Amino acid sequence: MKKYHFAIIKILVFSILLVLSACKTIINNISDNEIPHAYRIGFVDERFELVSLVFRLAGKEEFSDTITDYQNKVVFAFSKYEQHPVVIYTKQNLHFGYDAVFGMAIHLEKQGNYFSLINNTDFLFDDFGLATRWTSENSAEFVKLLNDFYVYINFSEFFHDNTKYFMDISERFKNEVYNHINFEWFNQHGINSNNMRVVISPSSSHNGFGGWIYSSDPEETIVYAALPVSTNYRSYLNFVIHEFAHRIGNPIAKLWYVENEEFRNWSDNSVDLIRNPAYPYGLIMAFEYLTRAYTILYMVENTNANLLQLFSAEIAMGFPYIQNVYALITDHEIIVFDISNVLGIENYIIGDEHIFDFHGNLIKWYFLDLLGHDLLLENFIFTSGGNIFNSQTGDVLLVVIDDSKFLYIDIGSMQHRDDIIRMYSIFALD
């Protein structure tokens, strides 16, 4: 498959892209099954909020959002504790973030006002063939300092003071996404559907994470998906399935990366430190490829999702070989992308040329007249955002960058931002 050059696209888009022991009246209609721990309010987990706060104060960009009122409330309440020993220790010694932070959170258990690591820490200490992250030494020191931090800043009171907000976002997520997940689908792929947990993090507004707690009996492994909070969960089904699918994809990817030279080359060739800094190694890209392939498989088998659209979204996000990887787990035959099969129409008119000169690089785009054909925008996945095209909801554009062509479908304004920032579903054309 043709590998597209995405360096200029990065300029145009924003990276994108989910204590309750005695107070059961707080739960409303969220069942006990969905709240397996005493430190959860709805889908919000006190452990993850606490550990995320430490990494926020330590300056980790992926935990530093200040888009929502709640995030600003967190900053206002706790920024004065930036010199606490756990923050200093994290800044000086823990040179990692992302899913490693969530991994720490799910391996904590709480008694009274103190946290400790559970006995099974295999996932937490797994380096996944990459640089060492958590170790028995740094995790022990971190948890010791974390306990002092938890009591010193009175985090428990802050967490419970936001109960209504946590329940509101949990109820909305449950109704809009959670109730529509076919958990039983995962049984055929080695995940016990009864051991799947969702965490919604109001501290985050763009990162999702997968994680699990191993068991000697694979059926007893607990699998987690952590998602950011949102005012609109329209596209979150794909998001949550992706985080769960890491449990399916990662072990296969680790094996194939060693044994399948072609797959390893696809993964290595897709590393782009500018476009996808969170995936700096070929093995991490391998994890992402298999996870995304299984996510697509779920969406095809359980929803009305368009396979072509799912492939195009992944290609536009920097995974040019996604069709090839999908073909390794299915009987898929490679599809050639063009405007007609993406839109599902044969006739259209390409409008006048518009040009944007970005430091000598010409970006050209053309509005398409679909001759009265209406697209169902809810069927298109949000890929990226931008603001140079002056488009409106429902507009379709042919965008030419260097020698590559893309189809941009405006699906509305970006949440939390000015209306001029548009959300696009982007398709790379052959």
Look through Ile153, Ile191 and report the one residue that is buried (at least 17 other Cβ atoms within 10 Å of the Cβ) and in contact with a Lys or Arg (Cβ under 7 Å, 6 or more places away or on another chain).
Ile191
Filtering helices (runs of 4 or more DSSP H) wholly in the range 246-333 for at least 1 residues that are in contact with a strand residue (DSSP E or B) (Cβ under 8 Å, 6 or more places away or on another chain) gives 282-302, 307-316
Could you list, in sequence order, the residues of the range 373-409 that are farther than 28 Å from Val300 by Cα and assigned to a loop (DSSP other than H, G, I, E, B)?
Asn387, Ile388, Phe389, Asn390, Ser391, Gln392, Asp402, Asp403
For helices (runs of 4 or more DSSP H) lying entirely in the range 1-117, having 2 or more residues that are within 16 Å of Asn138 (Cβ to Cβ), hydroxyl-bearing (Ser, Thr, Tyr) and modelled with pLDDT of 95 or more picks out 85-93
Condition check for Gly208: assigned by TED's automatic domain parsing to the domain that holds Gly103 and among the small types (Gly, Ala, Ser)
no
Among residues belonging to the range 232-258 that are closer than 24 Å to Phe55 by Cα and more than 10 Å from the chain's Cα centre (by Cα), point out the one that is surrounded by the most Cβ atoms within 10 Å (Cβ to Cβ).
Phe244
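The values are calculated or read from the model by the stated rules, or taken from the named source; none is laboratory data. As the structure is a computational prediction, the values presented were derived from the model and not from experiment. Please note: Cβ atoms are built from the backbone with ideal geometry, for glycine as well, and neighbour counts cover all protein chains shown.
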